[in-house]
Each structure stands twice: as C-alpha cells, then as structure tokens.
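Where a number appears in this text, it was derived from the coordinates with a stated rule and is not lab data. What you are looking at is a predicted structure, and each value in this text was computed from that prediction instead of being measured. With ideal geometry, Cβ positions are generated from the backbone for all residues, glycine too; neighbour counts draw on all protein chains shown.
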Amino acid sequence: MKKYQFIILALGIIFLISLLISRTVETTKSIQPNKVALIPIYGTITVSSESDLFFGQSQAPSSVIIEALDKADKDPTIKAIILEINSPGGTVVASREIGNKIKSINKPVVSWIRELGASGAYWIASTSDYIIADPMSITGSIGVIGSYLEFSDLFEKYGVTYQRLVGGNLKDAGTPYKDLTNEERQFLQEKIDKIHDSFIKEVSINRKLDYEKVKKLSNGAFYLGEEALDFGLIDELGSKDEAVNKVKELANIKDAELVSFKKETSILDVIQKLTSYNSFYIGRGIGFSLFQGFKQENSYSNILKIA
C-alpha cells in the first residue's frame, strides 16, 4: 500500500513541477520584448551581389534584402519593420522584386530615408506603409536612364572598324561601336518610356496620388525631403526616432527592441570598400544604362547589359 502511495505522491509532484514549468514558460513568452526589424538598403540596388573588385559600387542585392524581409515577416516576435534607405537606386527588376515583397508583408513597414532615397530606392520606399525622410535628404528622381558611351568617331580616328554581322536589324541596337540609326533610337526610347510609365503608375498607386500629378513630378529631378513632403511623395520629416515612434504606433505597441538585420561582411567586401568608387551620381534614374559588348565563346554573340 505504501508503494502505491509513493507512486501517487511522485506522480503528483511531477504534475505540479510540469505545471509550474509550463506557467514559467508562458510567463517568459509573455514578457518577451516586442521587436522591430531594422533592414538597411545601402548602395546600388541590384539583382546580384557580383561586382567588379576594383571599380564596384556598394551594392544592395535584392536577394539579400528579400531574405531579410522574409525572416522578419516569419518571426512572430518581430512586430514591424523599418527600412533604413541610403541608396541612389538601381535596376528596374531588383527594385520591383523588393517592392513586391514589401507589399506581401502583413506587418507595418516604414521607410526611413536618411540621406539618399532616389529612383529605384524611392520606388521601394513608395511600397511601404509610411515614408519618413530627413529634410535635406534627396528623394524622388522618378525617371529612367538608358544613356551610354559611343566610340565610333574614336575608332575612325585610329582606323578601327566595326564589322556588323547580325541576324535582325535591331540585334546590335545600342552598341557603342556605331551610331544609332533612327529606327534603333526609336526602339530603345520606346522601351525606356514604357519602363518610365510603369514607374509613374507604381508611385501613383502606392502613394494614392493622381497619375497626372506624379507624371509632372517624374521628369527625373530629385527633391529635398522638405520638397517631397509638399508634393506628397513622403509622409513626414524626421530621423530614426520618428521612424521608430511611427512604426510602434502602426504596430500598436508601446515598447520595442530594435533588431538590426545586416549582412555579415566578408574579407572580399572589405577589400572592395577600400578600392571601389563610391561616387554614384545624384538623382540617377533607375539603373538602366545600356552597354554593348562582345563575348567570344564558340562564336561571337552580342551581349546586352542592363546595370
């Protein structure tokens, strides 16, 4: 009988201990601080992290940013996201990819433009729930660029000729080795105009602004933060503190721990920063510079690069 009493007593103790542990875990969970993810978007926005070692720009690959957004979205302790933007823009596809990811997130997303949030970077900011920018920051630059260097006169001076072998009249449109024909110029301009119109529509929808109003602002010019506020391109002037306060308001939380989502820096990144140019020109349109080159594999093939 005593044996059974001992077993019952032991089971009772185990039950009480498990109940106590369960309550302790629940209490711990309930007092865990709310978190706000801080995701930086620095440098040129690209679809790839590959860059020239000696002449590369600081880059913000869409895959890295989307991965950070995805982690923040799936983490239940993270209640909201702040995008810390300091970027002149980048490629059309990369900007669109990041913007589409932001639209799919069901948590508040606030964009904080520190110094530079132009072109593709502004496209991304426009997809967030709220935009805060420094009064002297550079924003907007709703435009597209497709300019490139053309060397045909230089080649002629030194007796270099371009032997044109193509299948299709427009196959080598935009090569720097010859002048554009009227047909080629019209063809390339039509593509740029279509991308530009998509940019205007995206901003119009995201910011809930009249299309014609955005079109008037989309001549490629950049605006200071205080000007962008007057035009409705941003919501508020401020800094990190205002961004944190706003995101807490949108997430309906009083206190929050700021968690930085930064890519780990490799030795290659360090070398690149020491040797690279970081003078990407202000207000550049969405990175759509067209360059032509030839690559020799089994035969010559024409390579169009969009950067």
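Overview of results
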{"quantity": "Sequence-distant aspartates and glutamates (8 or more away, or on other chains) whose Cα lies within less than 17 Å of Lys171", "calculated": "Glu150, Asp179, Glu183, Glu184, Glu190"}
{"quantity": "Loop-located GluC sites (Glu not before Pro) in the range 44-141, at most 16 other Cβ atoms within 10 Å (DSSP)", "calculated": "Glu50"}
{"quantity": "Ascending count of other beta-carbon atoms within 10 Å, so fewest first, for Arg114, Arg164, Arg185", "calculated": "Arg164, Arg185, Arg114"}
{"quantity": "Within the range 126-251: Cβ-based charge dipole about Cα centre, in debye rounded to nearest 20 (Lys, Arg +1; Asp, Glu -1)", "calculated": "420"}
{"quantity": "Leu170 versus Leu250: modelled label distance in nm, points set 7 Å from Cα along the beta carbon direction", "calculated": "3.9"}
{"quantity": "Extended-chain gain in nm, criterion 0.36 nm per residue less alpha-carbon gap, Asp153 and Lys216", "calculated": "19.0 nm"}
{"quantity": "25 °C / 0.890 mPa s Stokes-Einstein diffusion coefficient of the range 85-198, Kirkwood radius on C-alpha pairs, µm²/s", "calculated": "145"}
{"quantity": "Per-residue ³J(HN,Hα) for the range 221-232, Karplus 6.51 cos²θ - 1.76 cosθ + 1.60, θ = phi - 60°, Hz, x for Gly and Pro", "calculated": "5, 9, 10, 5, x, 5, 6, 4, 5, 4, 7, x"}
{"quantity": "In order through the range 84-101: 3J(HN,Hα) via Karplus (6.51 cos²θ - 1.76 cosθ + 1.60), integer Hz, x for Gly, Pro", "calculated": "8, 9, 8, 8, x, x, x, 6, 4, 5, 4, 4, 5, 4, 5, x, 5, 5"}
{"quantity": "Amide hydrogen neighbours beyond the local backbone of Leu116, cut-off 5 Å, H modeled", "calculated": "Ser87, Ile138"}
{"quantity": "Amide H partners (placed H, <5 Å) of Ala60, local residues excluded", "calculated": "Thr44, Ile45, Thr46"}
{"quantity": "Extension gain from Val47 to Tyr162, taking 0.36 nm per residue of separation minus the Cα-Cα distance", "calculated": "38.2 nm"}
{"quantity": "Cut-off under 5 Å, modelled amide H: who pairs with Glu236 long-range", "calculated": "Ile131, Ala133"}
{"quantity": "Cβ-based net charge around Glu97, under 14 Å, with every Lys or Arg adding one and every Asp or Glu removing one", "calculated": "0"}
{"quantity": "Exposure proxy ranking, count of Cβ atoms within 10 Å, fewest first, for Phe151, Phe261", "calculated": "Phe151, Phe261"}
{"quantity": "Over 21 Å (Cα to Cα) - which of Lys103/Lys254; Lys103/Lys248; Lys107/Lys246; Lys101/Lys216; Lys107/Lys254 fall in this group", "calculated": "Lys103/Lys254; Lys101/Lys216"}
{"quantity": "Table column - 3J(HN,Hα) (Hz), the range 181-193, Karplus curve with 6.51, -1.76, 1.60, x for Gly and Pro", "calculated": "7, 4, 5, 5, 4, 5, 4, 5, 5, 4, 5, 5, 4"}
{"quantity": "Exposure proxy order (Cβ contacts within 10 Å, fewest to most) of Leu233, Leu154", "calculated": "Leu154, Leu233"}
